[in-house]
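To start, the structure under review is shown below, and the notes come after it.
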Amino acid sequence: MPVPLAPYPTPLPPAPYAPPPNGAQSQLVCSWCRNLLLYPVGATSVCCAVCNAVTTVPPPGIEMAQLVCGGCHTFLMYIRGATSVQCSCCHTINLALEANQVAHVNCGNCKMLLMYQYGARSVKCAVCSFVTSVEVSTSTTEQKFNT
């Protein structure tokens, strides 16, 4: 005697995605291909549209900072306050300096804008490898005390 088959229930349509009311978005770097990902605030993970890797979103309240690796020029994100960041691509250890700890000078050869740590006497250009001397200027107050 055949067993009657019950009809499958009709599946419910998926709930439409509802972005946050103010449309707020945040960003992070894909853990695999290093692309910049935008995601709605409140998401716990993001799937990269390029490589399909799933990257976990850091918990709320953790401030992130960004820098470009000095070895391979990969865009890196790290927790603000870190003193150094190791690149996951080339393993270069990069100094993570706050904005008030750095200065800028143009390369003496190719005129590329270079960033260096205060107190450095020279800076080597990552583009042309020219070493630019950094002039230390003394203020007029210091000059008065030295004379």
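Odds and ends about this structure:
- Residues in the range 47-87 that a label on A24 would reach, taking backbone N under 18 Å of a point 7 Å out along Cα→Cβ: 57-65
- Each residue was assigned an accessible area with a 1.4 Å probe, and for V134 the value is about 20 Å².
- Separation in nanometres of the label points that stand 7 Å from Cα toward Cβ, at F130 and L38: 3.8
- Full-extension gain in nm, A65 to C51, via 0.36 nm per residue minus C-alpha separation: 2.7 nm
The values are calculated or read from the model by the stated rules, or taken from the named source; none is laboratory data. Just so we're clear, the structure is a prediction, and the values are computed from it rather than from any experiment. In this analysis, Cβ positions are derived from the backbone assuming ideal geometry, glycine residues included, and neighbour counts consider all displayed protein chains. For accessibility, only protein heavy atoms count, side chains too; no ligands or nucleic acids. Shrake-Rupley method; radii C 1.70, N 1.55, O 1.52, S 1.80 Å.
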